[in-house]
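First comes the structure, then the notes that go with it.
The values are calculated or read from the model by the stated rules, or taken from the named source; none is laboratory data. From a predicted model like this one, the values you see are computed outputs, not experimental measurements. Because the Cβ atoms are built from the backbone with ideal geometry, glycine has one as well, and the counts that use them run over all protein chains shown. Remember, those area values only see protein heavy atoms, side chains included, never the ligands or the DNA or RNA. Shrake-Rupley method; radii C 1.70, N 1.55, O 1.52, S 1.80 Å.
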Amino acid sequence: MSTTEQPSVSYEPSGPTRTTPHEPVRPRTAGPEAAGQEPTGHKTAGQETAGQETAGDEPAQYDEGFAPEVGVGPHPLPWPQGERYDPELLAAGDRRNVVDPYRYWTREAIVADLDTRRHDFHVAVENWGHDFNIGSVVRTANAFLAKEIHIVGRRRWNRRGAMVTDRYQHVRHHPDTESLTAWAAAEDLPIIGIDNLPGAVPLERTVLPRRCVLLFGQEGPGLTEEARRHAAMVCSIAQFGSTRSINAGAAAAIAMHAWVQRYAEIAETP
């Protein structure tokens, strides 16, 4: 990728831009089902409510089969009062993958608090082959507090890499890119594709719109031709080494952080 100086690019809502067909820029990864353990229970509606679960979901506690034990043990008496606290967690301890201020809170209380300050960008990811990277994208979307997560294609997605963070997000399913585009148009949200394609503009020199949908493809093929047609703009990520691509989850994190750097309120360091 060239490092020649290029002018800054700002998004202008002038309608979809088309990019030329291209060969896949990422080699396919082996075993899309490698992470396995696909959940058996899923909502049938378009949007899954954050904080709800069904039979077959991952365990509620972060350390059950995922990582070394984290969190806190039982809360000493007297217990704190308020509807936000979960008596079971107060009694048994809280080992979930949540930041310390949310210890012992119910899932519903955490989601309600997050809803008061979610950011204005949405994250959409294509799911045609059960890509194991989707979980990583979802986890990052939680870390950067995306407004919603949109799964495009297959309803079932590989949740292992999400580390249970999807329970604190609003997840919406779209059967195809056309459905996502129709929803985004109704919400007046431009779709910004992220992929290193011919005709893509450098993310590093682009001003992302505050309200938008960041659309990511799968590991291997990247954005589908249909997704590229529906995107208002496609941004590339500068690379300087010998590899043809970076991991899809890493690319998603870079794009989300570009939005955060411009728009998020960052607390001052004490």
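Numbers at a glance
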read-out: Table column - 3J(HN,Hα) (Hz), region 155-169, Karplus curve with 6.51, -1.76, 1.60, x for Gly and Pro; value: 5, 6, 9, 6, 8, 4, x, 6, 6, 6, 5, 4, 5, 10, 10
read-out: Under the Karplus curve 6.51 cos²θ - 1.76 cosθ + 1.60, θ = phi - 60°, whole-Hz ³J(HN,Hα) for region 237-253, x wherever Gly or Pro sits; value: 10, 5, 10, 10, x, 8, 6, 6, 7, 10, 4, 4, x, 5, 4, 5, 5
read-out: Heavy-atom accessible area order for 144, 240, largest first, 1.4 Å probe; value: 240, 144
read-out: Low-density loop positions, GluC sites (Glu not before Pro), region 118-207 - DSSP coil, at most 15 other Cβ in 10 Å; value: 187
read-out: Cα-based Rg of region 139-253 normalised by 2.2 N^0.38 Å, two decimals; value: 1.05
read-out: Computed magnitude of the charge dipole of region 202-270 (debye, nearest 20; Cβ of K, R +1, Cβ of D, E -1); value: 220 debye
read-out: Calculated from backbone phi, Karplus (6.51, -1.76, 1.60) coupling profile of region 174-187 in Hz, x at Gly/Pro; value: 10, x, 7, 5, 4, 5, 4, 4, 5, 5, 5, 5, 5, 8
read-out: Accessible area per residue in Å² at 1.4 Å probe, computed on region 213-270; value: 47 Å²
read-out: Region 140-232, accessible surface, carbon-and-sulfur percent (1.4 angstrom probe); value: 49 percent
read-out: Surrounding net charge for residue 210, when Lys and Arg each add one and Asp and Glu each subtract one, Cβ distance under 9 Å; value: +1
read-out: Candidate residues 259, 79: accessible-area rank, largest first, probe 1.4 Å; value: 79, 259
read-out: Magnitude of the charge dipole, region 120-198, Cβ model with Lys/Arg +1 and Asp/Glu -1, debye to 20; value: 540 debye
read-out: Per-peptide average of other Cβ atoms within 10 Å, ordering 93-99, 108-114 highest first; value: 93-99, 108-114
